[in-house]
Every structure is written in structure tokens, then in C-alpha cells.
């Protein structure tokens with residue numbers, strides 16, 4: 001009887017995990033064929049059960065008004081749930097929401113906070129945006145060395161050529177305003193960051 005009591009919670013956990021994956025994947029298939037209402041319903045089911053990836057996708061759907069009326073506050077609600085579960089894409093999306101003031105009051109410090117969390121997970125877009133924040137003194141003190149560091153990290157971590165080119169251009173543009181010693185320090189900081 002004791003063994004049965006130990007096995008039942010495990011079976012329930014596995015069933016819930018399979019349900020998350022099934023709902024998310026079925027939602028993705030619906031989204032791919034243009035059925036945003038079905039995707040929304042399936043992702044909402046998975047999101048309510050705690051699936052962070054589905055939560056982030058719901059946020060994107062609300063932001064873009066896909067399958068639902070556009071609602072930035074609902075987008076932020078779902079981004080935050082996913083971000084607090086450690087989803088890097090949601091952390092990035094929450095940073096963008098704060099930077100633009102979409103669904104929340106504009107708050108550059110909060111944008112930097114969430115970009116940093118996503119950057120730690122290697123998201124090149126978050127690293128590039130951190131570079132922008134440091135280059136322009138938004139939410140942080142203006143610091144070209146830190147800006148260069150983040151642009152360099154974004155260029156290295158970029159997942160596609162367009163992102164790599166953008167980060168490289170940003171890095172090279174900021175370098176024009178820096179001394180050779182500052183550039184060397186920025187490059188060293190980028191190397192140290194990658195070692196973490």
C-alpha cells in the first residue's frame with residue numbers, strides 16, 4: 001500500500017507534464033495553420049496550469065491582438081508569470097513592455113532589471129537592449145564601456161545574421177566615442193561575462 005501511495009503522486013505529475021506539452025504543442029500547430037483562437041485556448045489552458053512557455057506565448061498574443069483583442073495589460077500579466085518562472089523570452093518581453101510603457105508605466109530601471117535577467121540566459125536581444133540602455137543612460141548611468149560590453153555579448157550570442165549585424169554595428173558605433181583603453185576594458189568585461 002505504501003508503494004502505491006508513492007506511485008500515485010508520480011503518475012499525477014507525469015500526466016500533468018504530458019498535458020502541458022500536449023496543450024502547448026497542439027496550440028503551436030493551431031497557430032502555425034493560422035487558427036489563433038484555438039491556439040489561444042490551448043495555450044491558456046497550459047498557462048493556467050503553470051506552463052511558462054505558454055504563458056509567454058499568451059502574452060505575445062495579447063500584445064499583438066492575435067486571437068483576442070489587443071491588451072497590453074494582459075500581455076504584461078502573462079509575461080510576468082512566465083518571467084517569474086525563469087522564462088528568458090518573457091523576461092525580455094517584460095523589459096520591452098517597461099521600456100515602452102506598454103501595459104505598465106514606463107520604467108527604464110525595471111526594463112534594465114528584466115533585460116539583465118534575460119541577458120544572463122544568453123538572449124542576444126536582451127544583451128543588445130542593455131547596450132542601448134547603457135549607451136543612452138536609460139535606467140542606468142550612461143556608460144559606453146558597459147554599452148560596448150553588452151553589444152559585444154549580443155554579437156557573440158546572436159542566433160541569426162541580422163541580429164549579429166545589428167549588434168556589431170551598435171558596438172562599432174559606440175566604439176567611435178571611446179578611447180582605445182576604454183574599448184580594451186569593454187572587451188575584457190565581455191570576455192569575463194562570457195566566462196560566467
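Kindly evaluate residue 7 against the criterion of being at pLDDT below 95 and more than 20 Å from the chain's Cα centre (by Cα). Against the criterion (at pLDDT below 95 and more than 20 Å from the chain's Cα centre (by Cα)), residue 7 qualifies. Within region 120-141, is even one residue over 28 Å from residue 60 (Cα atoms), more than 15 Å from the chain's Cα centre (by Cα) and at pLDDT 95 or above? Within region 120-141, one or more residues are over 28 Å from residue 60 (Cα atoms), more than 15 Å from the chain's Cα centre (by Cα) and at pLDDT 95 or above. When we screen 182, 177, 187 for residues that are in a loop (DSSP other than H, G, I, E, B) and more than 22 Å from residue 99 (Cα to Cα), the only hit is 177. If you check 94, 58 for being crowded, with 24+ Cβ neighbours inside 10 Å, modelled with pLDDT of 90 or more and within 24 Å of residue 132 (Cα to Cα), only one passes: 94.
When the residues of region 148-161 are narrowed to those that are part of a helix (DSSP H, G or I) and within 18 Å of the chain's Cα centre (by Cα), which ends up surrounded by the fewest Cβ atoms within 10 Å (Cβ to Cβ)? Ranking the qualifying residues of region 148-161, first place goes to 156.
Residues that are within 29 Å of residue 180 (Cα to Cα), buried (at least 17 other Cβ atoms within 10 Å of the Cβ) and without any contact (Cβ under 8 Å) to a residue 24 or more places away in the chain do occur in region 112-128, at least one of them.
The values are calculated or read from the model by the stated rules, or taken from the named source; none is laboratory data. Quick caveat: nothing in here was measured; it's all calculated off a predicted structure. Every residue, glycine as well, gets a Cβ built from its backbone with ideal geometry; the counts of neighbours run over all protein chains shown.
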